[in-house]
Amino acid sequence: MLFNIPQFIDKEDKIVGPLTAKQLGWMAGAFVTLMVLWSILDTATLIIAAIPIVGIFGALAFYQPNGQPMIGFVLSSISFFLHPKVYIWKRVPEKEIKKVAPKKVEVIHVQKDVNADKIKELSNILDRK
């Protein structure tokens, strides 16, 4: 029996041309925002206001820093600045640390007698094996 294994399940489906549903939603949000501003503002002010709005909605629709959607990146950034930081390690005050004196180790140096006869004997033993 053969089973079809789905591949590329992390890719979003394309809805309209090369746009996914999320991208289409962000573009629709930009369009609605610009239409509301068009009814409120005059033409020169609308053009000035439209540039950052198109940039923000375009980034939310298409830009993916570190492989995650821009909205997730923005929400993670806001969460980072609003929530308290968790510190795992805390320094122990100096009074609580027990000071241990280093142990003195006495080293004894032994001089071994090595002469030419012992070296020849050792070399003969090593050569035989």
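Just a few scattered comments:
- Total charge dipole magnitude, the stretch 1-95, about the Cα centre, Cβ charges on Lys, Arg, Asp, Glu only, Debye to nearest 20: 540
- Built amide H within the under 5 Å cut-off of residue 20, gap 5+: 15
- Ranking 88, 64, 114 by Cα position along the charge dipole of the chain, where only Lys, Arg, Asp and Glu carry charges on their C-beta atoms, puts 114 farthest toward the positive end.
- Per residue, the accessible area of the chain comes to 98 Å² when a 1.4 Å probe rolls over the protein heavy atoms.
- Two-site label geometry, residue 36 and residue 112: point separation in nm, points 7 Å out along Cα→Cβ: 9.0
- Normalised by residue count, the chain yields a Cα convex hull volume of 537 Å³ per residue.
- The loop-placed trypsin sites (Lys or Arg not before Pro) in the stretch 1-88, going by DSSP, that have at most 11 neighbouring Cβ atoms within 10 Å of their Cβ come out as 11, 85.
- Lysine pair count for the chain [Cα-Cα under 20 Å; pairs on different chains or 8 or more apart]: 7
- Portion, in percent, of the accessible area of the stretch 6-104 that falls on carbon or sulfur, probe 1.4 Å: 69
The values are calculated or read from the model by the stated rules, or taken from the named source; none is laboratory data. Computed from a prediction, not measured in an experiment: that's the story for all the values here. As a convention, Cβ positions derive from the backbone with ideal geometry for all residues, glycine included, and neighbour counts pool all protein chains shown. For the accessible areas, the whole protein counts, side chains as well, though only heavy atoms, and no ligand, DNA or RNA atoms are used. Shrake-Rupley method; radii C 1.70, N 1.55, O 1.52, S 1.80 Å.
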